[in-house]
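Q: Structure provided below as structure tokens; questions to follow.
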Amino acid sequence: MSTWRKSSYSPNSSDCVEIGRGIGIRDSKAPTTHLPVSDEAWSAFLDTVKDELGHG
């Protein structure tokens, strides 16, 4: 079982995007389903976001 982490930008506990390391992304309103995402894909996504925001 993985530990899911909520986005720090989520406005409240019922409308959250959560990530599980090595597992994927899920919506807190539907915790039994998730979108699988590999570590490599997640790292590439974060690098792209950082580059777009000028934090890379």
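The values are calculated or read from the model by the stated rules, or taken from the named source; none is laboratory data. As the structure is a prediction and not an experimental result, all values here were calculated from the model. Positions of Cβ are backbone-derived with ideal geometry, glycine not excepted, and every protein chain shown enters the neighbour counts. Areas reflect the complete protein model, heavy atoms only, side chains present, ligands, DNA and RNA absent. Shrake-Rupley method; radii C 1.70, N 1.55, O 1.52, S 1.80 Å.
Q: Being in contact with an Asp or Glu (Cβ under 9 Å, 6 or more places away or on another chain), surrounded by 11 or more Cβ atoms within 10 Å (Cβ to Cβ) and at pLDDT 85 or above is true for just one of ASP47, ASP15, ASP27. Which residue is that?
A: Every option except ASP27 fails the conditions.
Q: I've got another one for you. Quick one: how many residues across segment 6-56 are basic (Lys, Arg) and not in a loop (DSSP other than H, G, I, E, B)?
A: Number satisfying all stated conditions: 3.
Q: Of the conditions (1) modelled with pLDDT of 90 or more; (2) open to solvent by 90 Å² or more (accessible area, probe 1.4 Å), ARG5 fails just one. Which one is it?
A: (1)
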